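What follows is a single structure, written as structure tokens, with notes after it.
The values are calculated or read from the model by the stated rules, or taken from the named source; none is laboratory data. In this text the structure is predicted, and so the values were computed from the model without any measurement. All Cβ positions, even for glycine, are placed from backbone atoms using ideal geometry, and neighbour counts span all protein chains on display.
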Protein chains: 2
Amino acid sequence: MSFTIEFEPIGIRLLCEEPLSISEAARRAGIGLRSECGGKAVCGKCLVHMEPGAAGISYVSSPETSHIKAKQFAEGWRLACRTILKSDAKVFIPPTSQIENQIVQTEGVASFFQAHSPIQCLSIDISPPSLEKQQADFERISTTLERQLNIKGIWAGLPALRSLRMVLRQGNWQGTIALNDREIIAAFTEKNIQPLGLAVDVGTTKLACYLVNLETGQTLATSGIMNPQIVFGEDVMSRLEKVMVSSENADRLQRNVIESINQIASTLCETQSVTVDRLLAFCIVGNTAMHHLLLNLPVRPLALAPFIPALSSSLEVKADSLGLHAAPGAVVYLPPPIAGFVGSDHLAFLLACQFGEDTRIRLGIDIGTNSEIALQMNDRIVSCSTASGPAFEGAHIRHGMRAAVGAIAHVCIDENLHPHCDVIGHGLPMGICGSGILDAIAEMRRTNIINSRGRIDPQAAGVMIEQNSIPAYILAAGNNGRHDIVVAQQDIDQILMAKGAIRAGIEILMDHFHITTQDIEDVTIAGAFGSYLDPFNAVRIGLLPEIPLDHIHTVGNAAGTGARMILASTECRIQAEALARKIDYLELTVVPGFNRYFAKGIRLPSPQT
Amino acid sequence: MSFTIEFEPIGIRLLCEEPLSISEAARRAGIGLRSECGGKAVCGKCLVHMEPGAAGISYVSSPETSHIKAKQFAEGWRLACRTILKSDAKVFIPPTSQIENQIVQTEGVASFFQAHSPIQCLSIDISPPSLEKQQADFERISTTLERQLNIKGIWAGLPALRSLRMVLRQGNWQGTIALNDREIIAAFTEKNIQPLGLAVDVGTTKLACYLVNLETGQTLATSGIMNPQIVFGEDVMSRLEKVMVSSENADRLQRNVIESINQIASTLCETQSVTVDRLLAFCIVGNTAMHHLLLNLPVRPLALAPFIPALSSSLEVKADSLGLHAAPGAVVYLPPPIAGFVGSDHLAFLLACQFGEDTRIRLGIDIGTNSEIALQMNDRIVSCSTASGPAFEGAHIRHGMRAAVGAIAHVCIDENLHPHCDVIGHGLPMGICGSGILDAIAEMRRTNIINSRGRIDPQAAGVMIEQNSIPAYILAAGNNGRHDIVVAQQDIDQILMAKGAIRAGIEILMDHFHITTQDIEDVTIAGAFGSYLDPFNAVRIGLLPEIPLDHIHTVGNAAGTGARMILASTECRIQAEALARKIDYLELTVVPGFNRYFAKGIRLPSPQT
């Protein structure tokens, strides 16, 4: 009897030979799970989520139920210390149950832009009303502001109107009014306050939030957490399927992500000693599925061919209509999604990296479960999306994990075919992340441990033979009960499929524009994976064509940077919308000969000396 | 032992000598209360409301509780057949418990206007998407419409966007799109449908609703019910006080009136065989307190001196933000309230009666618990509000009732001092309404039964002497156990106070403009009471100055007519806003010598021959 436990979102898998508790399994996999009571089911901190109805057997004792409500239990929440597994299972560990926070990508590319928001905070001082001067509250404020700014037509929506009274009377007829263009969106009893906004990048796996001063454009605080929707499925499609079967799920997924944004927003505001009602504006980017789930737009046409989004325009909605906690009239701007599989995060990435601003031939790649690729030439940009799968993020790789502490991020193999590994956090290796496995494959190819089709030479040093005569290369030998960390044949196959899909996208775009590798003047790679990626090895395994390395730039979460720019600058917003209009979407599945491109993309180039 | 039961909203009071059930009391007062089970507490139809904690003793048997939830019971709801009263009590009978509907004023003055709404319904026929043409749903519709109308910039809010998918796919890519200017506010699977809207006049006592074809301006159906907020207090002030003590009450009062509008809207739509999602626009008018309660705006500054409203501008909000059932993007327009005690209903009345459109010197009076008076001269209009009290609506008058079936609406007294009464519905008299008592007083003055200060001559024929030597004039002698219907000295005092307040307002406005009675070219009187009012007697009792009778016009619910005009015509809306800017509010309580005007206003003129 043997079975596998997969830990999400960290992406580590553990092979087990006997029934064991989730706590024990986590310990063996090197994952820090909270356990203040030492596994006595007293503290309730080791809460984990399992797919409802999973085969793993849960031993429910009364202490467990005392920490979990019946509703939670039915939804699949369990105490790790009380749940015994004896067959394949997937365990989701929420951030609150983890000792160590994961590294969540929130640093972005540095882009220069001039903050210029339609939102401004104005200090006011007005005279109180009397029986002789019975002017209404709103008119008293609006005429004051109109005089002060020498403009006309100031107005306010209902939620802001409801809040004026308290502010005027508690603030003794002075304070600050926040305007969005000519709309009063909030009132504060203090004077001289700064306008704040929140930029959000909703990824399938991660949520990154940035608290921004709308007047200066400065990022005041940054935070990221895992996308809580992950309990409804790791990938986009399984979440869309959940929503398609029940509109309650749609509500739940929306609430889920909104609540998380509220939570981060509150934490970020605390760092500035303010409350969330100081948030005046939001800019939210994300792939089109995340965009639709956030807005509770219908997803069926998006999930099924021909994959039609509800809209591909920008949208401005009131924060309160989405349940976001913010100033009464706070506004949420969502940049245009480009197509069903190319979202506003791609647009934000291209904006942050100044696509559309010159006429160079440029390639922009955001690597993820779905990878988006853009090729710019003259005044045109064509984008496509490839289902590269989660291999680069460590999933479906035996010892794969995300780019978190404990992950092997870089590998080189010496002349004796001995591997040398760099581990994130410099501790013992727990697994291998995307950039590490990519390095490993490049090095294995260079040292001829694998051939051009990725087959491992079973005779090579460091290779062991597993069940069914399948070879695996040992990256780090286990000790003290820890298993070996290997690159198995199946892992290489997964990575070659992934890189084949991306490379096919690149080649199709190049052919679409009738250009060759030599024409490409710049390559920008974004995404959590991208920031650890070694361009040299990306070319060596053929993920990228043979482009001079100094033309290849890796950026971190450029989408987050783009979101911040759009949040704090009207010009950037206009620019983003213009950029969106420039981008044509190319549906790869209808390109003739796609399979040929893909088959070619899978092959590994010959090693160079 | 004797005590009085007051039945609301009909306004009838019953003097009782012994404990009795509410059902029995209603029967004696001639009020048709539902009782399908014959008083066995089985049908649950005789539900009535009593002030929570009222002294009247309720005999709760288990059958009663089976028809009333604990929450309802705590709020004061009772079964009339199971509730025994033995001291003074006020009983509110909801329309659902009444056999006979009250006459609710929904006819208005006929005004000519050209319907011209920014809302239009357009039939569309679009081609379905494919993998080759993956245009998003919204863009597919908007580009079709932009081509069709030769315009740009069509957009949609989130609720409308959410509804497009179903419509497109269920309607087989054809149907109707409703536009509000350039905003898509709804989509329907049928073609060639008419745009519908609802005009609402929210009175303190009554809600009047009008279903209007926005293309033709035609009123398709009309309905009115009592304002359900009446259970929180008959007059504006007691409702505002309820809201000031608890924000839950604010929510409850808002929900109350919104639910009632939803209910009427649904009924009105049924008459046209459509559902409420066909409603694309609303125009809601009302006094400023009703306006604030409907919008859940803060009311404390409105309720306490110096009586400041939250705003005095027009407001446009989405129907869904108020909880109104309608098309996804349906919009609610609320014309500007003029001041704390002069609301948008006054504005709508003046609009419907073409105030501001000529330079005649005109007087406009809307008589109610608060009466609004406007005086127009040259290009100026000044409005004021007088607390005339509810006497004209039959309250605080011993046998007073509203202008409903059974009310004495007109009285004349012959040379033998015998009264002759006209009863609404031509049945037996149950009480006397405002116009009836006004007639009675005019006739009593003409026949010298009362003097100029309103004192009844105890020697006059038809006068009986009650307790404490107070005289009363018998209008209709009781028989078969029915009591006499009289005009008591206290009733006359009440009416003189009310008419004194209104007359004072008129005189102050005239002095404000330095004009005399002879200058007034036109008087328009609105309100439920107004439509039964005899102008001749209004002048005879001095409610109005001595204006030639052919200059006096009574109109019904002109505010409702104004609301319909504003709903269906952009021009009328612009005109209403321009009219609002023309109107100056005059606060009577700060006018020097107000008490003098009032004292003078109370006096009855000498009878003419």
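Kindly evaluate residue A:442 against the criterion of being in contact (Cβ under 8 Å) with a residue 24 or more places away in the chain, assigned to a loop (DSSP other than H, G, I, E, B) and not assigned by TED's automatic domain parsing to the domain that holds residue A:289. Against the criterion (in contact (Cβ under 8 Å) with a residue 24 or more places away in the chain, assigned to a loop (DSSP other than H, G, I, E, B) and not assigned by TED's automatic domain parsing to the domain that holds residue A:289), residue A:442 does not qualify. Within the range A:535-546, is there a residue that is within 26 Å of residue A:591 (Cα to Cα), in the same structural domain as residue A:441 (by TED's automatic domain parsing), of a type in the set (Lys, Arg) and modelled with pLDDT of 90 or more? Within the range A:535-546 (the criterion being within 26 Å of residue A:591 (Cα to Cα), in the same structural domain as residue A:441 (by TED's automatic domain parsing), of a type in the set (Lys, Arg) and modelled with pLDDT of 90 or more), the answer is no, since none of the residues qualifies. Contact map, the range A:566-593: first residue within 14 Å of chain B (Cβ to nearest Cβ) and touching a residue at least 40 places away in the same chain (Cβ under 8 Å), second residue among the β-branched types (Val, Ile, Thr) and assigned to a helix (DSSP H, G or I), Cβ cut-off under 7 Å, separation 6 or more or different chains; pairs are A:588/A:508; A:591/A:508. The strands (runs of 3 or more DSSP E) falling completely within the range A:25-131 that include 1 or more residues that are within 30 Å of residue B:587 (Cα to Cα) and modelled with pLDDT of 70 or more map to A:119-125. Within the range B:332-353, does at least one residue satisfy the condition of being hydrophobic (A, V, I, L, M, F, W, C), modelled with pLDDT of 95 or more and under 30 Å from residue B:159 (Cα atoms)? Within the range B:332-353, one or more residues are hydrophobic (A, V, I, L, M, F, W, C), modelled with pLDDT of 95 or more and under 30 Å from residue B:159 (Cα atoms). Is it the case that some residue within the range A:358-368 is free of Cβ contacts under 8 Å to residues at least 24 places away in the same chain and under 24 Å from residue A:550 (Cα atoms)? There is at least one residue in the range A:358-368 that is free of Cβ contacts under 8 Å to residues at least 24 places away in the same chain and under 24 Å from residue A:550 (Cα atoms).
Could you pull out the residue among A:211, A:179, A:207 that is outside the structural domain of residue A:292 (by TED's automatic domain parsing), crowded, with 21+ Cβ neighbours inside 10 Å and not β-branched (Val, Ile, Thr)? It would help to see each step written out before you state the result.
Values: A:211 fails: outside the structural domain of residue A:292 (by TED's automatic domain parsing); A:207 fails: outside the structural domain of residue A:292 (by TED's automatic domain parsing).
The match here is A:179.
Screening residue A:197 on (1) within 29 Å of the chain's Cα centre (by Cα); (2) more than 20 Å from residue A:403 (Cα to Cα); (3) not in a strand (DSSP E or B) shows it passes everything except condition (3).
Which ones in the range B:475-505 are farther than 17 Å from residue B:441 by Cα and in contact (Cβ under 8 Å) with a residue 40 or more places away in the chain? Even if it seems obvious, please write down each step before you answer.
Step one: of the range B:475-505, the residues farther than 17 Å from residue B:441 by Cα are B:477-484, B:504-505.
Residues satisfying the conditions are B:481, B:482, B:483, B:504, B:505.
State whether one or more residues within the range B:8-21 are of a type in the set (S, T, N, Q) and modelled with pLDDT under 70. Before you say what the answer is, go through the steps one by one.
Applying the first criterion (of a type in the set (S, T, N, Q)) to the range B:8-21 yields B:21.
With the extra rule that they be modelled with pLDDT under 70, the set shrinks to none.
Checked the range B:8-21: no residue is of a type in the set (S, T, N, Q) and modelled with pLDDT under 70.
Would you be able to say whether some residue in the range A:488-495 is surrounded by fewer than 17 Cβ atoms within 10 Å (Cβ to Cβ), under 26 Å from residue A:26 (Cα atoms) and modelled with pLDDT of 90 or more? Within the range A:488-495, one or more residues are surrounded by fewer than 17 Cβ atoms within 10 Å (Cβ to Cβ), under 26 Å from residue A:26 (Cα atoms) and modelled with pLDDT of 90 or more. Residue count for the range A:144-197, restricted to those that are more than 13 Å from residue A:328 (Cα to Cα), more than 11 Å from chain B (Cβ to nearest Cβ) and not aromatic (Phe, Trp, Tyr): 26.
Across the range A:204-245, the number of residues qualifying as part of a loop (DSSP other than H, G, I, E, B) and either at pLDDT below 90 or among the charged types (D, E, K, R) (or both) comes to 7. Looking across the range A:296-335 at every residue that is touching a residue at least 24 places away in the same chain (Cβ under 8 Å) and polar (S, T, N, Q), the one that is nearest to the other protein chains (Cβ to nearest Cβ) is identified as A:312.
So which of A:310, A:305, A:348, A:289 ends up being surrounded by fewer than 24 Cβ atoms within 10 Å (Cβ to Cβ), within 20 Å of residue A:384 (Cα to Cα) and outside the structural domain of residue A:163 (by TED's automatic domain parsing)? If you could, list the steps in order and put the result at the bottom.
Values: A:310 fails: surrounded by fewer than 24 Cβ atoms within 10 Å (Cβ to Cβ); A:348 fails: surrounded by fewer than 24 Cβ atoms within 10 Å (Cβ to Cβ); A:289 fails: surrounded by fewer than 24 Cβ atoms within 10 Å (Cβ to Cβ).
Matching residue, one of A:310, A:305, A:348, A:289: A:305.
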